[in-house]
Amino acid sequence: MQIIIATTVVLALIGLVVGVGLVYAGKKFHVEVDERETAVRECLPGNNCGACGYAGCDAVAAAIARGEAPVNACPVGGAPVTEKIGAIMGVSAEAQEKKVAFVRCKGSCEVTHNQGNYIGIPDCRAAALSGLNVTDCDYGCLGFGSCVQVCPQHAIKVVDGVAVVDRRKCIGCGLCVKACPKGLIELMPESKHVAVQCSNKDRGPQVKKVCSAGCIGCMLCTRQCEVGAITVTNNLAHVEYESCVQCGKCAEKCPAKVITMPVRVEV
Amino acid sequence: MKSLILIIVGSALIHNVVLNQFLGICSFLGVSKQIKASASLGVAVIFVITIASAVASLLYDYVLKPLGMDFMKTIVFILVIAALVQIVEMFLKKTAPAIYTALGIYLPLITTNCAVLGVALTNVQNGYNFIECVFSGFGTAVGYTLAIVLLASIRTRIREEDLPEPLRGAPIVLIAAALMSIAFMGFSSLAF
């Protein structure tokens, strides 16, 4: 009986000492944590995808609280998150529309003349490094799906040799943009749909030789556009998404039908 | 001095905490995806186990043994180690933020690592004195770090390989860990 009591007392004493020690240490070593940091962290999606360029949501929350990152630093959360964080930080949210990835190539197996001589690791980056051809077009999608591999949302799929983005699943993190060795993928505002689905900077005849769906730089679209949102540089048309009113006239006139209204693709 | 070196070699290689005593398997498999993360965890484990062995040894020698309460050592060690890690974390956060950010999430995680408790208990069972306990703890933690960094390196290589579908993911990691364990059995011939 005595040993039970002794044990209980000693254990309670150790517990007490430890507890008091913890409380004391908590007071003594207290570090001021910005309470806004905790609040901001709670608003973030918590995927830790790293699309903001910081090491996870905790890091970007700390940066926002310190004022080093803008309140719209999280590209994934989009407007709703920006608004919440803006309220916490006392900054009126700079409106930022959610962006989605768009693959600027339409060169499926049907329209390009596939005479590639690349045999090797089935990976876009490896194929691009090898210097060999996968398709005749030097600019087009290689179709090995490096973008598919990096996509955290499984929103990209290679359909008939060309990567296609499912705009519903896309969170606009931009990882595929970095992964594509051909630089084919860009981020465009989710509400805009008119875009040029080609990246070939060669002259018209050369483009026609390798792909029947390529931009030949004929400038017809620029004349159609009433707001001057479409320009041709280096034999390649490009839409300024900011000013585009999405009338679709350029798409109608395009002889190669390379300006498209990208629609949602079932993946 | 010679016996201390023997203790370090013995606890790091011959009685490797993960591959021979099967303690701390959970973090061994869980955090070994990347070499950098596993190395950080390893450093944190070295830090915590060394301190925990020292404190546990003092507590055992000067409190539990004189009072004849050997049988309570497990519970007391759990209590003290958990609190110790908390205090160390607070202390580091205040005085050495650089170390704190480097160890990051791993420091609190280690509280629940059975290897820490295992080392403290083995030390006591072997009847080590204070200095021996510290060295044994350090050696064990070095062994843990060695094992987890090796496994992380193997895993980064495995990821590049074209494996049969059923082996991908956890199965191949377990096989790799098992082979490592067999390889580490070779060190038992070092025992003398």
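Taking the stretch A:25-43 only, how many residues are in contact (Cβ under 8 Å) with a residue 40 or more places away in the chain and of a type outside the set (V, I, T)?
Applying the first criterion (in contact (Cβ under 8 Å) with a residue 40 or more places away in the chain) to the stretch A:25-43 yields A:36, A:39-40, A:43.
After this cut, where a residue has to be of a type outside the set (V, I, T) as well, the list is A:36, A:39, A:43.
Counting residues in the stretch A:25-43 that are in contact (Cβ under 8 Å) with a residue 40 or more places away in the chain and of a type outside the set (V, I, T) gives 3.
Anything in the stretch A:84-107 that is at pLDDT 80 or above and closer than 23 Å to A:Y241 by Cα? List them, or say none.
Of everything in the stretch A:84-107, those that are at pLDDT 80 or above and closer than 23 Å to A:Y241 by Cα turn out to be A:K99, A:V100, A:A101, A:F102, A:V103, A:R104, A:C105, A:K106, A:G107.
Are any residues in the stretch A:152-181 in a loop (DSSP other than H, G, I, E, B) and in contact with a Gly (Cβ under 7 Å, 6 or more places away or on another chain), and if so, which ones? Before the answer, list the steps.
Applying the first criterion (in a loop (DSSP other than H, G, I, E, B)) to the stretch A:152-181 yields A:152-155, A:160-161, A:166-174, A:180-181.
Matches in the stretch A:152-181: A:G161 only.
Tell me, yes or no, whether the stretch B:13-32 has at least one residue that is assigned to a helix (DSSP H, G or I), free of Cβ contacts under 8 Å to residues at least 60 places away in the same chain, surrounded by fewer than 20 Cβ atoms within 10 Å (Cβ to Cβ) and not β-branched (V, I, T).
Checked the stretch B:13-32: at least one residue is assigned to a helix (DSSP H, G or I), free of Cβ contacts under 8 Å to residues at least 60 places away in the same chain, surrounded by fewer than 20 Cβ atoms within 10 Å (Cβ to Cβ) and not β-branched (V, I, T).
Here is a check on your reading of the model: is A:G19 more than 14 Å from chain B (Cβ to nearest Cβ) and surrounded by fewer than 18 Cβ atoms within 10 Å (Cβ to Cβ)? I'd like the intermediate steps shown before the answer.
On the way: more than 14 Å from chain B (Cβ to nearest Cβ): no; surrounded by fewer than 18 Cβ atoms within 10 Å (Cβ to Cβ): yes.
No.
Identify the residue in the stretch B:83-98 that is surrounded by fewer than 17 Cβ atoms within 10 Å (Cβ to Cβ) and among the hydrophobic types (A, V, I, L, M, F, W, C) and, among all such residues, is nearest to the other protein chains (Cβ to nearest Cβ). Quick ask: steps written out before the conclusion?
Restricting attention to the stretch B:83-98, the residues satisfying the condition of being surrounded by fewer than 17 Cβ atoms within 10 Å (Cβ to Cβ) are B:91, B:94-98.
Cutting the leftovers down to among the hydrophobic types (A, V, I, L, M, F, W, C) gives us B:91, B:96, B:98.
On the way: B:F91: 6, B:A96: 11, B:A98: 14 Å.
Result: B:F91.
Can you tell me how many residues within the stretch A:187-221 are exposed (fewer than 15 other Cβ atoms within 10 Å of the Cβ) and within 18 Å of A:A251 (Cβ to Cβ)? Talk me through it step by step, then tell me what you get.
Residues of the stretch A:187-221 exposed (fewer than 15 other Cβ atoms within 10 Å of the Cβ): A:191, A:203, A:205, A:208-209, A:219.
With within 18 Å of A:A251 (Cβ to Cβ) added as a condition, the list becomes A:191, A:219.
The total comes to 2.
Looking only at the stretch A:146-157, filter to residues that are touching a helix residue (DSSP H, G or I) at 6+ places or on another chain (Cβ under 7 Å) and crowded, with 19+ Cβ neighbours inside 10 Å; which one of those is farthest from A:I171 (Cα to Cα)?
A:S146
Taking the condition part of a helix (DSSP H, G or I), in contact with a helix residue (DSSP H, G or I) (Cβ under 7 Å, 6 or more places away or on another chain) and surrounded by fewer than 20 Cβ atoms within 10 Å (Cβ to Cβ), does B:V142 pass? Can you show your working first?
Details: part of a helix (DSSP H, G or I): yes; in contact with a helix residue (DSSP H, G or I) (Cβ under 7 Å, 6 or more places away or on another chain): yes; surrounded by fewer than 20 Cβ atoms within 10 Å (Cβ to Cβ): no.
No: the conditions fail for B:V142.
Say whether the condition of being in contact (Cβ under 8 Å) with a residue 12 or more places away in the chain, away from every other protein chain (no Cβ under 14 Å) and of a type in the set (S, T, N, Q) is met by at least one residue in the stretch B:169-182.
yes
Among the residues of the stretch B:64-75 satisfying the criterion of being under 17 Å from B:Y128 (Cβ atoms) and crowded, with 16+ Cβ neighbours inside 10 Å, which is nearest to the other protein chains (Cβ to nearest Cβ)?
Top of the filtered list is B:L64.
The values are calculated or read from the model by the stated rules, or taken from the named source; none is laboratory data. Just so we're clear, the structure is a prediction, and the values are computed from it rather than from any experiment. So basically every Cβ, Gly included, is an ideal-geometry build from the backbone, and we count neighbours across all protein chains shown.
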